[in-house]
Amino acid sequence: MVMTQRITVLGATGSIGDSTLAILAAQPQHYSVYALSGYHRLDKLLTLCQQFLPKRVSVPSAAIDDFAQRLSAAGLDIDVVGGEKGLIDIATDSQADTVVAAIVGAAGLPSTLAAARAGKRILLANKEALVMAGQVMMNAVKIYNATLLPLDSEHNAIFQCLPLAIQQDNMQIHQSSHGVRKLWLTASGGPFLGQSFAQMQQASVAEAVKHPNWSMGQKISVDSATMMNKGLELIEACHLFDLPENKINVVIHPQSIIHSMVEYSDGSYLAQLGSPDMKTPIAHALSYPDRIDSGSQPLDLYALSGLEFVQPDLQKFACLRLARQAMKAGTQATIVLNAANEIAVAAFLDGRIRLTDIADINEQSLNDIQLPPLNDTADIDDILAIDKIARHLTDRLVAKLV
Ligand code: NDP
Ligand code: MG
């Protein structure tokens, strides 16, 4: 008998949700949708419920009754839960095998961590969870025998280029390097790579979220424009692969064909290439260690002319410098940086500040909010307490600017 993998998609209404569900829809023999979550886009969630017939769904608490009524009016018998508790409930449900963690921002941390503590197979898109709670998350994966597979294209590429022994040992390179010398994260450089800082200062929201190669949610698109995304990914990589920040280099590769590389001590560089389409890393993680058709376009290698590599300008893209600084300082600093950045990006998307103010706000928050290092027993409550302080103080910095 062929067993299907039962999947819960946290953040089903978003961009990663779309790509994941497209693969699941094309491979019903391998996968079934067990539970879905949405937040603002509840019309879309209703349509997804009609298409995928999940057993459970999570919405904001205030929307539970209304959504349940809409489901029953549509003739659907689906259990509706709500709020953070609802997300944790579906993330830990014993009926599901795999949890796709694709909520954006700190809001995704509690349910992702709960999935790790329930020993799930986690396909991780929500990089902010690792930026805030890398050690707590990685410990939980080990202790509760969960499996963590990265969906972020760079981390997924690195995973694919690592020796099998490291892939199977929770990706912990530091323990036993197997010849791995360095990791290289590639970055597209975003929509302002070829433009001056002054042009970047004048950028509209529409220009900032228009990524040259990838189609993504709004927050990560802004993060790509400031290169904060690569900064968050640097911190994510340190935790996932158990390496200090000085073992991870960032190189701008505007074509987004090489998704990242592993450098070995014998001088070999292993790279993973593919079209810039999140369906490839998602399909890889869904089917690992097998391979399935992702539905992404094959690369036209004959049409590729020239792959470029450029060193990032850390003055123009100060967020990348700040991420290294925060990683060196410790978890308390990466929590502050992540929270400050979420507040600053929201203020930019609301039209309250300029794109280039984001890096200034992030830097000021990092400098102003000096906290003692978190100790080894720190848990999610300590982390969320720092997140709250940082959000409050960053709100005040934004208010001073507008
Ligand atoms: P989107 O903005 O497209 O989707 C975010 C999802 O999270 C939506 O389902 C949204 O619900 C839900 N959500 C938003 N706020 C909350 C909240 N407070 N509580 C519960 N759910 C919430 O983002 P992406 O899909 O682009 O990104 C998701 C994550 O994956 C991010 O962490 C991003 O960094 C990461 N990632 C994304 C990539 C991409 O290509 N898009 C690539 C690599 C990583 P609703 O839409 O209904 O409001
Ligand atoms: Mg990425």
Pairs under 8 Å by beta carbon, first residue buried (at least 24 other Cβ atoms within 10 Å of the Cβ) in region 324-335, partner assigned to a loop (DSSP other than H, G, I, E, B), six or more apart or different chains?
331/373; 331/374; 331/378; 333/371
Result of the Cβ filter at 8 Å on region 109-138, keeping first residues that are over 18 Å from residue 379 (Cβ atoms) and at pLDDT 95 or above and partners that are of a type in the set (Gly, Ala, Ser) and within 14 Å of ligand 2 (Cβ to nearest atom), at least 6 apart or interchain, is 123/285; 125/102; 126/102
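In this structure, is residue 261 over 13 Å from residue 355 (Cα atoms), assigned to a strand (DSSP E or B) and touching a residue at least 40 places away in the same chain (Cβ under 8 Å)?
Values: over 13 Å from residue 355 (Cα atoms): yes; assigned to a strand (DSSP E or B): yes; touching a residue at least 40 places away in the same chain (Cβ under 8 Å): yes.
Here the answer is yes, as residue 261 does meet what is asked.
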Close pairs (8 angstrom Cβ cut-off, 6 or more residues apart or separate chains): of a type in the set (Gly, Ala, Ser) in region 139-153, within 16 Å of ligand 1 (Cβ to nearest atom) and in a strand (DSSP E or B) anywhere
146/122; 153/259; 153/260
Those residues of region 42-69 that are surrounded by fewer than 18 Cβ atoms within 10 Å (Cβ to Cβ) and not aliphatic (A, V, I, L, M) come to a total of 10
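Taking helices (runs of 4 or more DSSP H) that do not extend beyond region 120-178, which have at least 1 residues that are within 14 Å of ligand 1 (Cβ to nearest atom)?
In region 120-178, 127-143, 153-161 are the helices (runs of 4 or more DSSP H) which contain 1 or more residues that are within 14 Å of ligand 1 (Cβ to nearest atom).
Given region 284-402, what helices (runs of 4 or more DSSP H) lie entirely inside it while holding 3 or more residues that are over 20 Å from the mean Cα position of the chain (by Cα)? Steps first, please.
Numbers: elements: 318-329, 331-349, 357-368, 380-401.
Result: 318-329, 357-368, 380-401.
If you go through region 73-95 one residue at a time, do you hit one that is within 16 Å of ligand 2 (Cβ to nearest atom) and within 26 Å of residue 289 (Cα to Cα)?
Taking region 73-95 first, the residues within 16 Å of ligand 2 (Cβ to nearest atom) are none.
No, every residue in region 73-95 fails to be within 16 Å of ligand 2 (Cβ to nearest atom) and within 26 Å of residue 289 (Cα to Cα).
Enumerate the helices (runs of 4 or more DSSP H) found wholly within region 193-246, keeping only those where 2 or more residues are at pLDDT below 95, touching a helix residue (DSSP H, G or I) at 6+ places or on another chain (Cβ under 8 Å) and under 21 Å from residue 170 (Cβ atoms).
Numbers: elements: 197-201, 205-208, 218-226, 228-241.
Answer list for region 193-246: none.
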Which condition number in (1) in contact with a Leu (Cβ under 7 Å, 6 or more places away or on another chain); (2) within 13 Å of ligand 1 (Cβ to nearest atom); (3) under 27 Å from residue 167 (Cα atoms) is the one that residue 247 fails?
(2)
So residue 11 fits all but one of (1) more than 28 Å from residue 386 (Cα to Cα); (2) near ligand 1 (Cβ under 8 Å from one of its atoms); what number is the exception?
(1)
Residue list for region 83-114, filter: near ligand 1 (Cβ under 10 Å from one of its atoms), assigned to a helix (DSSP H, G or I) and more than 14 Å from residue 384 (Cβ to Cβ):
83, 86, 87
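The values are calculated or read from the model by the stated rules, or taken from the named source; none is laboratory data. Bear in mind that the values here come from a model prediction, so they are computed numbers and not experimental data. Ideal geometry is used to build each Cβ from the backbone, glycine not excepted, and the neighbour counts take in all protein chains shown.
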